[in-house]
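The values are calculated or read from the model by the stated rules, or taken from the named source; none is laboratory data. Since the model is a prediction, treat every value here as computed from it, not as a measurement. Note that we place each Cβ from the backbone using ideal geometry, even for glycine, and neighbour counts take in every protein chain shown. Remember, those area values only see protein heavy atoms, side chains included, never the ligands or the DNA or RNA. Shrake-Rupley method; radii C 1.70, N 1.55, O 1.52, S 1.80 Å.
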Amino acid sequence: MEQTWKQAKAAFAAIAVPPIGWLLFFFLIPLAVIWAYSFGENTGPITIDFTGTFANYGRALEPLYLQIFWKSIIVAGLTTLLCLIVGFPVALAIAFASPKAKAWLLLLIMLPFWTNLLIRTFALIAVLREQGYVNFALEWMWNNASGFMSLVGLQPLGEYEPLTLLYNNTAVIIGLVYVHLPFMVLPLYSALDRMDRSLMEASLDLGAGHLRTIWSVVVPLAAPGIASGILITFIPALGAYLTPDLLGGTDSQMIANVIERQFKRANDWPFGAALSFLLMYLTFIAIAAQAFVQRKAERRG
Amino acid sequence: MADQALTSIPPVGSPKAAAKEKPGPLEYMRQWPLRVIVGLTLLFLYLPLITLMVFSFNTSRRNIVWQGFTTDWYVKAFNNDSLLQAFINSLMIAFFCTVISVILGALAAVMLWRFRFPGKTVVEGSMALPIVVPEICLGVAMLVFFARVMPWPMGLPWPLNLGAITIAHVSFAFPFVATVVRARLSSFNRELEEAAKDLGASEWRTFWDVLVPHMQPGLIAGALLAFTLSLDDFVITFFTAGPDTITFPVKVYSMLRFSVTPEVNAASTVLIVVTVILTAVGLQMQNNTPKEKKA
């Protein structure tokens, strides 16, 4: 049983004051300041007046910025979908592997997750660029195919044109999937690992195929795990800064890049503050939606 | 048919028995389509990192074609004073961030686990906020806070000038520690605490001799998490760092912006190796603790 704080006031104060104080002073107050700024106006080079205006939010809802918000949601959604498509079979395979293989596979999935994000993005650049390994491999295959065709008397294929894999929207999505895949695999794995396997055996015995079993038995049972995997992949992907910055082209900016520009280059703090609060609201909406789905699933189960 | 399907299901808990037979229906890991998917996924995850590490030993400056083995880039990276300073800064920040986060996280976990008090749900909710708020929002909040509300004095002697970054890192790291420690505390038997008090131990003594040893695996896991979170962070540091307080990721970022040299490969390889060693040590410690308890 929990103790009420009145029974041990001194102990409670000693335990509660440092973490609550830190959270208040170094987290909630900075956020509150940003929130206040989002209703302010630039009145001089470094002075901002809190005028209570909604002009910053009005500007954020103009088509130009609305489009960037929409695009960020699409990119994060596609990233999440791709992570789910790749991550589900991987999680399934790990959950049903032998205990020893399981431990190793989990470690292998986790390890890139512990490596610095910047370094992983940088490593991806070396693989994807025009003179990177993907293009090298494709060129090798192209030349071999070309040689084979002239061998059998057909027209050779001509010079290999390297694919542009970097500095566009595709690169951003590849980068985001690369970085967020472990976020998806781990919750899926823990949901699949906890599942009652006899239900799957029953379904297979009764004549359903593997795909049918997965679709009508495994997916509904693992739904809460899938929902939380989607959430913890979607949220960081939505607010991603580094990946679109380093891998994207001029047209692949996401909302975080626009916020950064308002604070660092454009020096329009009130507008940047309004944008970052809109991003936070979007995040909270995603969390609320997930909680809603989860509660519905629990009630049904 | 049904009989055959039944007999081919391996008995639960003895995977060895089925090792040489046809894979059972639920042994997805032994079916080739899934093996191919897992293999390709691991290739996708590791190919970039491995090429980066291998080509940090390449003689060629253009670092695409393999020309010969050299360790020159490591020598260069270690002689690059600003890179080395950034690396030491990062380690220092990560160290202080870990110490403070573990203390605050453990206190927060004990508070939420042990006490009932008015406004508890509000406190719980706010504690979860740093985990879910997008990094960029926290970054700009810290930028404004340290620029306007609480300016960090410029020109302080070395570890002190990292204070602002360390504070920012603690703010997002300690709720993670609290979550991990609280999960560990849920398995604690409260009667032990009461027994200690009945036998005359003070509040402080009970905390230190009964509760802390029980929390230990959670504290280690939390410390590891705080350390890597701090070492990994780019966005928040990017906004909080002043011109003279550059950390390793921020330095690598600016090097990337100007030119890609194999020096960056070498420096990144060092960081990857450091992280892998730390992870291995952490996992080892976590595996050992329960065994000691049982003995």
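Projected label points at A:MET149 and A:ALA202, each 7 Å from Cα along the beta carbon direction, are separated by 5.7 nanometres.
Within the same chain, aspartates and glutamates fewer than 8 places from A:LYS100 are excluded, and of the rest, those with a Cα less than 17 Å from its Cα are A:ASP193, B:GLU27. Alpha-carbon geometry of region A:145-301: the Rg and the Dmax are 23.2, 68 Å, given in that order.
First measure r as the distance between the Cβ atoms of B:VAL276 and A:ASP193, then evaluate 1/(1 + (r/R0)^6) with R0 = 22 Å and state the FRET efficiency to the nearest 0.05.
Values: r = 25 Å, r/R0 = 1.14.
According to the calculation, E is roughly 0.30.
Looking at the P(r) of region B:78-142, how many percent of alpha-carbon pairs lie beyond 16 Å?
Working: 1389 of 2080 pairs.
Tail of the P(r) past 16 Å holds 67 percent of the pairs.
So what is the relative contact order of chain A, in percent, for Cα pairs below 8 Å that sit 6 or more residues apart?
Values: 289 pairs, mean separation 75.3, N = 301.
Worked out over chain A, it gives 25 percent.
For peptide B:269-276, compute the average count of partner chain beta-carbon atoms within 10 Å of each residue's beta-carbon.
Details: counts 1, 0, 4, 8, 0, 1, 5, 3.
Counting Cβ atoms of other protein chains within 10 Å of each residue's Cβ and averaging gives 3.
Each part gets one Cα centre, and for region A:215-269 versus region A:1-72 those centres are 21 Å apart.
Kirkwood hydrodynamic radius of region A:243-301 from all distinct Cα pairs, in Å?
Working: mean 1/r = 0.0735 Å⁻¹.
By the Kirkwood definition, the hydrodynamic radius is 13.6 Å.
Report the relative contact order of region A:11-53, percent, no decimals, based on alpha-carbon pairs under 8 angstrom and at least 6 residues apart. Intermediate values should be presented prior to the final figure.
On the way: 21 pairs, mean separation 10.3, N = 43.
Reported as a whole number, the value is 24 percent.
Shape class for region A:11-53, computed from the alpha carbon gyration tensor (a ≥ b ≥ c): prolate, with a/c not under 1.5 and a/b above b/c. When the surface is traced with a 1.4 Å probe over the full set of protein chains, B:ARG148 keeps roughly 90 Å² accessible.
Cross-link check: pairs A:LYS296/B:LYS120; A:LYS9/B:LYS197; A:LYS6/B:LYS197; A:LYS102/A:LYS296 evaluated at a Cα-Cα cut-off of 22 Å; pairs beyond the cut-off: A:LYS296/B:LYS120; A:LYS102/A:LYS296. Per the Debye formula with a single identical scatterer at each Cα and no solvent contribution, what log10 I(q)/I(0) holds for the protein assembly as shown at q = 0.10 Å⁻¹? Log10 of I(q)/I(0), two decimals: -1.03.
Please work out how much length the chain gains when fully extended from B:LYS120 to B:LEU47, using 0.36 nm per residue of separation minus the C-alpha to C-alpha distance, in nm with one decimal. Numbers along the way, then the final one.
On the way: separation 73, 0.36 × 73 = 26.28 nm, distance 4.71 nm.
Stretched fully, the B:LYS120-B:LEU47 segment lengthens by 21.6 nm.
Placing a pseudo-label 7 Å from each Cα along the Cα-to-Cβ vector at B:VAL149 and A:MET110 gives an inter-label distance of 3.5 nm.
Share of carbon and sulfur in the accessible area of region B:138-273 stands at 65%, probe radius 1.4 Å. Using a probe of 1.4 Å, the accessible surface attributed to B:HIS169 totals some 0 Å² when neighbouring protein chains are kept in position. Remark: region B:34-42, residue by residue, has Karplus-estimated 3J(HN,Hα) of 6, 4, 5, 4, 4, x, 5, 4, 5 Hz, where x stands for each Gly or Pro and the curve is 6.51 cos²θ - 1.76 cosθ + 1.60 at θ = phi - 60°. With θ taken as phi - 60° and the Karplus curve 6.51 cos²θ - 1.76 cosθ + 1.60 applied, the whole-hertz 3J(HN,Hα) list for region B:169-178 is 5, 4, 4, 9, 8, 5, x, 5, 4, 4 Hz, x standing for glycine and proline.
Placing R0 at 51 angstrom, the Cβ-Cβ distance between B:ARG35 and A:ALA291 gives a FRET efficiency of 0.90 after rounding to 0.05.
Each residue of region A:203-216 was assigned a 3J(HN,Hα) from its phi angle through the Karplus expression (A = 6.51, B = -1.76, C = 1.60, θ = phi - 60°), giving 4, 5, 5, 7, x, 6, x, 5, 5, 5, 4, 5, 5, 9 Hz with x at Gly and Pro. Distances longer than 20 Å among the Cα atoms of region A:78-184: what percent of all pairs is that? Value for region A:78-184 (Cα pairs over 20 Å): 58 percent. Estimate the FRET efficiency between A:GLN67 and A:ARG261 by the formula 1/(1 + (r/R0)^6), using the beta-carbon distance for r and 22 Å for R0, to the nearest 0.05. Computed FRET efficiency for A:GLN67 and A:ARG261: 0.90.
Would you mind classifying region A:196-250 by shape? Square roots of the alpha carbon gyration tensor eigenvalues, ordered a ≥ b ≥ c; an a/c under 1.5 is rounded, otherwise it is prolate if a/b is larger than b/c and oblate if not.
Details: a/c = 6.01, a/b = 3.07, b/c = 1.96.
Prolate, because a/c is 1.5 or more and a/b exceeds b/c.
Heavy-atom accessible surface of A:TRP142, to the nearest 10 Å², is about 90 Å², with a 1.4 Å probe and all protein chains retained. Could you check how much of the accessible area of chain A is carbon and sulfur, as a whole percent, using a 1.4 Å probe? C and S atoms contribute 68 percent here.
Evaluated on region B:31-71, the Kirkwood hydrodynamic radius is 11.8 Å, with distances taken between all distinct Cα atoms.
On a per residue basis, the convex hull of the C-alpha atoms belonging to region B:73-288 measures out at 152 Å³.
Let me make sure I get this right: for chain A, a, b and c are the square roots of the gyration tensor eigenvalues over alpha carbons, sorted descending. Under 1.5 in a/c it's rounded, otherwise prolate if a/b > b/c, else oblate. Which is it? Intermediate results must be reported in sequence, preceding the final value.
Numbers: a/c = 2.24, a/b = 1.20, b/c = 1.87.
The shape class here is oblate.
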